[in-house]
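Input: a single structure, listed below in structure tokens.
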Amino acid sequence: MQNITIKDMLTMTTPYKYLFNPYIRYFKSMDWVKFSLDQLGGRGKIGKFRYAPMIGPDILLGILVKATGQSVLDFAKENLFAPLGITVEKSLIFQSKEEQIEFSRSTDMSGWVADPAGINTAGWGLTLSPMDMAKIGQLLLCKGIWNGKRIVSEKWVMESTSEHSRWKRRDLPYSYLWWVSAYDKGYAAMGDGGNIIYVSPEKNMVVAITSLFHPRPKDRIELIRNYVEPIFETKSDPNALSQIGYASSIK
């Protein structure tokens, strides 16, 4: 454990003790960051791809809280959401299983889920509209600039969207919490049920899709390539919001 780095966490090359994702124990614990830390280690090797999209990233936000002295939500509001015009109302702490189920079914709730200790989640639990998601993709497409103002360093954008690891069993390249597309050198954030932010610098294109949870969603990349990419054949100003494509509740 002492040799695990932040980069290992970002590239999903960290070993864990469990064979199957311990979601039930995770939700029942009072401190999701500590629970995730307790799962590190085991017989796996550092550097081997091990996809842990829900439990692992919580450790990164625990580090962020320690480093900034702010809640994750407050830090994000100040440095990302406010500049991009994104509104996330409050942290959401579930008091029961029923509240969590209601959250997963809701289409009008605004907030960011936090554990009982008050630390926001990393791999799930943030409510964003398709346009909000598209704005984040557009920020990266423009190499960290929004409305002429530098929000994120260009060096970080380039580094965090380049391949650093690979899921060999499926031959899928991975970056810093982004899937990388070998097809057009684009990258994507893909979530449960069909949610996606897809960025293609070659096509000058950002696509955002939101969906309620669906256990077996159709291939989002195939959908984008077959039905959305043809719209973006004509090149235009990468700073133009008209180049954002977004859709809601596609499953």
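The values are calculated or read from the model by the stated rules, or taken from the named source; none is laboratory data. As the structure is a computational prediction, the values presented were derived from the model and not from experiment. Positions of Cβ are backbone-derived with ideal geometry, glycine not excepted, and every protein chain shown enters the neighbour counts.
Quick notes on this structure:
- The one condition from (1) in contact with a helix residue (DSSP H, G or I) (Cβ under 8 Å, 6 or more places away or on another chain); (2) among the aliphatic types (A, V, I, L, M); (3) in a loop (DSSP other than H, G, I, E, B) that residue 1 does not meet is (1).
- Residue in the range 64-77 that is small (Gly, Ala, Ser) and either more than 21 Å from residue 112 (Cα to Cα) or without any contact (Cβ under 8 Å) to a residue 12 or more places away in the chain (or both) present: yes
- Here is the figure for the range 22-56: residues that are of a type in the set (Gly, Ala, Ser) and within 20 Å of residue 93 (Cα to Cα) total 3.
- Residue 74 meets all of the listed conditions (1) farther than 27 Å from residue 199 by Cβ; (2) modelled with pLDDT of 95 or more; (3) surrounded by 13 or more Cβ atoms within 10 Å (Cβ to Cβ) but one, namely (1).
- Boolean, residue 59 is in contact (Cβ under 8 Å) with a residue 24 or more places away in the chain and surrounded by 15 or more Cβ atoms within 10 Å (Cβ to Cβ): yes
- Applying the criterion of being part of a helix (DSSP H, G or I) and touching a residue at least 12 places away in the same chain (Cβ under 8 Å) to the residues of the range 8-27, the residue that is nearest to residue 173 (Cα to Cα) is 10.
- When the residues of the range 28-62 are filtered to those that are assigned to a helix (DSSP H, G or I) and of a type in the set (Lys, Arg), the one that is farthest from residue 178 (Cα to Cα) is 28.
- Test: residue 103 is surrounded by fewer than 20 Cβ atoms within 10 Å (Cβ to Cβ), modelled with pLDDT of 95 or more and of a type in the set (Phe, Trp, Tyr): no
- The residue that is farthest from residue 112 (Cα to Cα), counting only those in the range 78-90 that are within 16 Å of the chain's Cα centre (by Cα) and part of a loop (DSSP other than H, G, I, E, B), is 86.
- Some residue of the range 148-166 being in contact with a Pro (Cβ under 8 Å, 6 or more places away or on another chain), free of Cβ contacts under 8 Å to residues at least 24 places away in the same chain and either surrounded by 14 or more Cβ atoms within 10 Å (Cβ to Cβ) or under 19 Å from residue 26 (Cα atoms) (or both): yes
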